[in-house]
Each structure stands twice: as structure tokens, then as C-alpha cells.
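Some notes on the structure that comes next.
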Amino acid sequence: MMLEALLPLAVFAFVSSITPGPNNIMLTSSGIMFGFNRTIPHMLGVTFGFGVMLVLCAAGIGSLVLALPSIHVILKTLGSAYLLYLAWKLRNMSFKSEVESGHKPMTFFGAAVFQAANPKAWIMAITSASAFLPPLQPIWLSIGLYCLIFSVINLPCVGVWAAAGSVLRRYLAQVLWQRIFCAVMVMLTIYSAVSIWL
């Protein structure tokens, strides 16, 4: 019976975590610019920040966000503004060292805080909390198990995107391919910013 309740949650966690979105695009970019190891704090920050969001939504905060359209608009505005800023920075993505390029990887704290302005993360958290919360008592046990399962699945999924970026880094030695890749990443990031409003 418990397996029947947890399996849909695990499937939803995997599908929603592995599919493209602001976090995964940013992690791919970071993997390319800084390599996998230097992107690990970013990955951990995403999973931690999202875990906090899962707890809040399971506790009922997600319903409040949906009930107040002004909060929803603010979150969408912040999320899309940050993605457009990121697209602007990505237009001249540098493959030089951090000292030469002036860029640094996103920190654990920065990635965790970004989740509050990430509409895809809110949708994932609200949907999963309303549809897949395990039927356990006491409620804190249900919320703890729910967050644990989602986080354990989320971390390797976002790690795949960071690893893909670090692998692509090896094949982007030529300036022409760097420019083509930068153009693709900019378009995907702009698309993510626009899709927030669709």
C-alpha cells in the first residue's frame, strides 16, 4: 500500500527534476564554464532550496501563493527578470579561467535563494504537495518522507545537467562552436523566461 503511494511521487519527482527548466539550464552553463566540481555547490543549493520549498508547500504555504495572484506575479517577474539577466551574461560565455573571465560559479546560498523566484520550482512543489503527499501519521513523518524522496531523486537529476555541461566543455575548444553553443543557450534561457508567462 505504501509503495503504491510512493511510486507516483518518485516518478513525478524524476520527470519534473530531469526535464529542462531554469535550474537545469543554469547548471549546464555552469558545468561548461567552470566544470563539474566547481558546480557542486550550485547543485546542492538547488536541491536544498527546493527541499525548503517542498516543506513550505506541504505545510500549506503553496496554497497561499496560489490564492494571492499578486505574489504569483511577483515571483514570475523576479524569475523571468533573472533569466533574462542570465541570457545577457551568457551571450559572451567565456571558457577562460575565472580570473580572466571575471565570472564565478553560483554559490550554494545563491542557488538556494533562487528557488524562491523560480516558477517551475513552485509549480513542482505545489503540485507534488497537493497530489503526492504520503498518507502517513503523524503529518511531520509524511512531510519528512515526501521531502526525502523528492530530494534524493532531484540531486542526481540536476547533477546530470551539470555533468553534461562539463562534458560539452571538452568539445567546445573552437571559437566557432563556442559561439554557436552560446547562441543556443541564450535562446533556451530566453525561452524559459518567456514560458513562465505562458
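The table below lists the values:
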{"item": "Under Karplus coefficients 6.51, -1.76 and 1.60, residue-wise ³J(HN,Hα) of region 44-52 in Hz, glycine/proline x", "result": "5, x, 4, 5, 5, x, 5, x, 4"}
{"item": "log₁₀ of I(q)/I(0) at q = 0.18, 0.27 Å⁻¹ - region 118-185, Debye sum with one point per alpha carbon", "result": "-0.78, -1.15"}
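Each reported figure results from applying straightforward, stated rules to the coordinates on display, with no laboratory input. Because the structure is predicted, anything quoted here is derived from the model rather than measured.
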